[in-house]
Amino acid sequence: MSVRKESDSQTARVLWILSALAKVPQASVRELSTETGIPVSSVYRLLDHLVFSGFVHKTSSGHYGAGAAAVQLAERYWDSSLASGTVAPYLRQLSQDSGELAAFIVAHGAESVCVETIESTQALRCSYSVGTSHPLTLGASGTMLMALMSREQRAEIFDFHDVDAPSRTRLEQACESAFGAGYAVSLSEVEEGVWCVSSPVTDLNGELQAVVSLMAPAQRSLERQAELIQQTCRTALSLSGGIK
């Protein structure tokens, strides 16, 4: 799927509005217009259709948020992928074995989105909730997700986020390294003092579905990186081919 905003397709514009609403509890028409690049008049028209279909809800204040149909769709995603006995138990085991936060993260357009997480029980721990999103250009999760994409797909992502030439070179090198190693690591890229390792989950055909990420405070993780990397890669490998 292209990450570009420029499109004359009404379907594409509807999807961009839904993607924008997925990031925030509520948004105004003008905020949606700014986020998507769609003219205000067109946003109003498309929102009318989305409200009528139940995918968007209009509040008493005139703002817009996810509607009942969107919630039902999210529940079906949960039923078919996350609660089917293939994701949550593995993340729970990884979190228990490592003592750290384990997450299941997917690529959505030009961003990484957390769709499941098991938090650490330790007093000093990272916080990363379901629905959290970041540019794919940041952190181990983004690097690993991009590593299994084509150069053309990565170029679109770089264009979308206005990545400069030196950063593109650095990110391409990081992706090549992650592809070869089967994992990516980062430190303080998304949040200061947080170390992260990510490893890919693929389907039966070897196509990327998501990444398993383990996040920990740097002061606790740096001395046992090898152990945490091994645990994360083992979990991702166990999940690969098993997500229906």
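The values are calculated or read from the model by the stated rules, or taken from the named source; none is laboratory data. Since the model is a prediction, treat every value here as computed from it, not as a measurement. Cβ placement follows ideal geometry from the backbone for every residue including glycine, while neighbour counts extend to all protein chains displayed. Accessible surface areas use protein heavy atoms only, side chains included; no ligands, DNA or RNA. Shrake-Rupley method; radii C 1.70, N 1.55, O 1.52, S 1.80 Å.
For segment 130-149, state whether one or more residues are at negative phi, without any contact (Cβ under 8 Å) to a residue 24 or more places away in the chain, surrounded by fewer than 21 Cβ atoms within 10 Å (Cβ to Cβ) and small (G, A, S).
Step one: list which residues in segment 130-149 are at negative phi, which gives 130, 132-138, 140-149.
From the residues that got through so far, the ones that are without any contact (Cβ under 8 Å) to a residue 24 or more places away in the chain too are 130, 132.
Filter once more, keeping what is surrounded by fewer than 21 Cβ atoms within 10 Å (Cβ to Cβ): 130, 132.
With small (G, A, S) added as a condition, the list becomes none.
Scanning segment 130-149, I find no residue that is at negative phi, without any contact (Cβ under 8 Å) to a residue 24 or more places away in the chain, surrounded by fewer than 21 Cβ atoms within 10 Å (Cβ to Cβ) and small (G, A, S), so the answer is no.
In the condition set (1) within 22 Å of L239 (Cα to Cα); (2) at pLDDT below 90; (3) open to solvent by 40 Å² or more (accessible area, probe 1.4 Å); (4) not polar (S, T, N, Q), E116 is compliant with all but (3).
Of all residues in segment 14-35, which are within 27 Å of S129 (Cβ to Cβ), polar (S, T, N, Q) and modelled with pLDDT of 90 or more? Listed by number, the residues that qualify are S28, T34.
Residues considered: A110, A178. Of these, the only one that is closer than 21 Å to L15 by Cβ, open to solvent by less than 20 Å² (accessible area, probe 1.4 Å) and either of a type in the set (D, E, K, R) or touching a residue at least 24 places away in the same chain (Cβ under 8 Å) (or both) is A110.
Quick check on A102: is it surrounded by 22 or more Cβ atoms within 10 Å (Cβ to Cβ) and assigned to a strand (DSSP E or B)? Yes.
Would you mind stating whether L222 is of a type in the set (A, V, I, L, M), without any contact (Cβ under 8 Å) to a residue 60 or more places away in the chain, over 19 Å from E116 (Cα atoms) and not in a loop (DSSP other than H, G, I, E, B)? Break it down stepwise before answering.
Working: of a type in the set (A, V, I, L, M): yes; without any contact (Cβ under 8 Å) to a residue 60 or more places away in the chain: yes; over 19 Å from E116 (Cα atoms): yes; not in a loop (DSSP other than H, G, I, E, B): yes.
Answer is yes for this residue.
Flag not set for I38, criterion: modelled with pLDDT of 85 or more, among the aliphatic types (A, V, I, L, M), open to solvent by less than 50 Å² (accessible area, probe 1.4 Å) and closer than 15 Å to G65 by Cβ. Against the test of being under 18 Å from Q231 (Cα atoms) and either modelled with pLDDT of 95 or more or surrounded by 13 or more Cβ atoms within 10 Å (Cβ to Cβ) (or both), the options V190, V185 yield a single qualifying residue, V185. Checked against the criterion of being touching a residue at least 40 places away in the same chain (Cβ under 8 Å) and on the phi < 0 side of the Ramachandran plot, segment 162-173 has no qualifying residue.
Checking S198, S221 one by one, the residue that is modelled with pLDDT under 90 and open to solvent by less than 10 Å² (accessible area, probe 1.4 Å) is S221 and no other. In the set A174, A140, A155, A178, only one residue is farther than 23 Å from E100 by Cβ and assigned to a helix (DSSP H, G or I); that residue is A155.
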